[in-house]
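Computed from the coordinates by the stated procedures, all read-outs in this text should not be read as laboratory data. Please read these numbers as outputs of a predicted model, since none were measured by experiment. Reconstructed Cβ throughout: ideal geometry from the backbone, glycine too, with neighbour counts over all protein chains shown.
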Amino acid sequence: MSTQLIFLPGMMCDERLFAPQIAELGGLNLMFGREDNSVEAMATRLLQTPGKLALIGLSMGGIVAMEMLRQAPDRIERIALLDTNPLAEKPEVKARRVPQMQAVRDGRLSDVMQRELIPNYLTEGPKKQDISDLCLDMALKEGDDVFLNQSEALRDRPDQTDTLREFQGPALVLCGRDDALCPISRHELMHDLLSQSTLTIIEGAGHLPTLEQPFQTTAALRRWLELS
């Protein structure tokens, strides 16, 4: 059985986050958060996908990919970690989730996304408003329960530095130059931990280079897929 290419989207995103890459590279987009509220349970469910896997995870998708790697290192043939974070969540970030989650329980998902989350995703550029609108549409499609499950999972996620240190397969660590949520220093850390990794910084992009700079991001992923 050949290796299955798997895309794992960020929080409150769907397959449209990777539309340019899937169109060029093929692969399967897998969603999470509808049934489970922990990274561990999400990864276990996704590992029901048979065979060897090549994982591409952005933001929360990268966090779930790292947990899949921790649970089943023999199943993961290669991994690409985009605009993500291998560390457990800091206390001050956990504290910010409390009012956000309450607001969503009160029916204000759109407000939370537009005021607190989406403004941190993108760098300045001609596509900023269109991508912001898409992010809101994806979030509203996913809905309140997914937001709450994913927020709990991110809040309680484990540290994955040992997981990355032990992986010997081809790895890509990629981020937008202007990512305000997952800075370059986090990606330099992952690059240092992954013995067979390439670090790629995408100019003119923030947290969502798959949409902000799709050509450059797809090219980097293609090079990673071609590594032996």
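So here's what we get for this one:
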quantity	calculated
Proxy reagent accessibility, fewest Cβ within 10 Å first, across MET66, MET113, MET31	MET31, MET113, MET66
The chain: calculated mean residue ellipticity at 222 nm from DSSP helix runs of at least 4, using -39500 (n - 2.57)	-13500 deg cm²/dmol
Relative contact order of the range 110-228, defined on C-alpha pairs under 8 angstrom at six or more residues apart (%)	29
The range 63-172, relative contact order in percent, only Cα pairs under 8 angstrom and at least six apart counted	49
For the chain: relative contact order, % (alpha-carbon pairs under 8 angstrom, 6 or more apart)	24
Residues SER197, SER38 arranged by fewest to most Cβ contacts within 10 Å	SER38, SER197
Ranked HIS191, HIS207, criterion: other C-beta atoms within 10 Å, fewest first	HIS191, HIS207
Extension gain from ALA72 to ALA219, taking 0.36 nm per residue of separation minus the Cα-Cα distance	50.2 nm
Charge sum, other residues only, whose C-beta stays under 15 Å from LEU164's C-beta, Lys/Arg counted +1 and Asp/Glu -1	-1
Net length gained if the chain between ASP145 and VAL93 were fully extended (0.36 nm per residue, minus Cα distance)	16.7 nm
Globularity index of the range 14-145, i.e. its alpha-carbon radius of gyration over 2.2 N^0.38 Å	1.13
